[in-house]
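Rule-based calculations on the coordinates, nothing more; no lab input. Just so it is clear, the model here is predicted, and its values are computed rather than measured. Reconstructed Cβ throughout: ideal geometry from the backbone, glycine too, with neighbour counts over all protein chains shown.
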Amino acid sequence: MHIFLLYSMICSIITGSLLVRRKNEVRITVIKDVEQLMSGLRGDHRNMVMLFDLLDAEIGRLAASGEPDYDLVRDVMLYVTEYPDVVHHPKEDIVYRHLMSLRPEIHTELERIETDHRYIEQSGLRLRNSVEAISIGAVLDHDELIKKFHHYMEQLREHMYWEETELFSLADELQHFGDWSEVILKNNEISDPLFGSRVERKYGRLLARIQQRIVWDKQQYRV
């Protein structure tokens, strides 16, 4: 009888240890997934900054009464409205809602994110439509178009800076608290059609311009 009780106790201890070990392994995996998620979101921001540098140059040509590469501008806006607006921003919204569940008191500090995303998406679509209209012969007011592009880029840059300093920092701080597994499950990875491992054909020209810009930047840095 005593031997049976001792055996049962040993089995319980071993089973409990295995369960704790398994939970710790799962938690470590989830934390790594959260780190990967946040790294991906930051990478998306770096890519957007690079694209906006290209846009700045083209809008600058238009402002100087020159002829911008409207095909390039259209490609940038196509990408922005197909990936960041459709994939990147919803990921951030999921992170925001989870942070809200962990820290309800931060609602007033972070509630702007979803409103910002809707505004940015609508502004981007309007600009994309304008550029596509120009490409098929429409005549638009250049000054008004320049103003709208500058405002759009300024808004998005400010928004990304705010996310980096507020939203992402809080996610880093809280990634060890609460259960992030649902956040990871909802954030199924969708390949970036421009900066991902496989570039979609329609973005080939834009990728070539980005690569040219990188080479030029490196040459300028050497000088």
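Side notes on the structure shown:
- Approximate spin-label separation Thr165-Val215, in nm, with each point projected 7 Å along Cα-to-Cβ: 3.7
- Paramagnetic reach from Ala57 in segment 181-196 [backbone N under 18 Å; point 7 Å along Cα→Cβ]: 195
- In segment 141-214, the chymotrypsin sites (Phe, Trp or Tyr not before Pro) that fall in loop regions by DSSP, at most 15 other Cβ within 10 Å: Phe177
- A simple rule links phi to the HN-Hα coupling: the Karplus curve 6.51 cos²θ - 1.76 cosθ + 1.60 with θ = phi - 60°, which for segment 51-61 gives 5, 5, 4, 5, 4, 4, 5, 6, 5, x, 5 Hz, with x for Gly and Pro.
- Once you reduce segment 83-124 and segment 156-192 to the center of their Cα atoms, the two points are 10 Å from each other.
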